Amino acid sequence: MFVSIDYLKDLASRVSDGRLKLGRLPELPDDEVVEQLVQVKGIGRWTAEMFLIFCLGRPDVLPVGDLGLRKAMQKAYSLAELPSPEKMRGIAQPWKPYCSIATWYMWKSLEKFKGIG
């Protein structure tokens, strides 16, 4: 994986000068964590959502931009095409407030489909 030194410098600068308070992130709501993180050069919404799930242990994150989740939903729900973010949110409505956990299961389900179109 290639990481531009500029990305690391921007992250370090933001932490150093207090624009990004890493210690406060666990206290913030999910949307505010995403808002804070995407301001860092090289961090997008998907990365921020993975941070929420895997670093902060947030139970109700639905990463609609994640290709693996989209593919898993397509297969599990027998959809002709990859679902749109809106369709994904509709499918995931019954998963609340545990979308992160359901997402893990959806990712895991892809192992069942390995080698299948």
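A compact table of results
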item	result
Calculated FRET value between W95 and R19, using beta carbons and R₀ = 35 Å, to 0.05	0.55
Protection proxy ranking of 36-42, 11-17 - average other beta-carbon atoms within 10 Å, highest first	36-42, 11-17
Viscosity 1.002 mPa s, 20 °C: Kirkwood-radius Stokes-Einstein D of the chain over Cα pairs, µm²/s	137 µm²/s
Under 30 Å between alpha carbons - lysine pairs in the chain that sit 8 or more apart or on different chains	23
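Computed from the coordinates by the stated procedures, all read-outs in this text should not be read as laboratory data. Owing to the predicted nature of the structure, the values given are computational and were not obtained by experimental measurement. Note: ideal-geometry Cβ built from the backbone for every residue, glycine included; neighbour counts use all protein chains shown.
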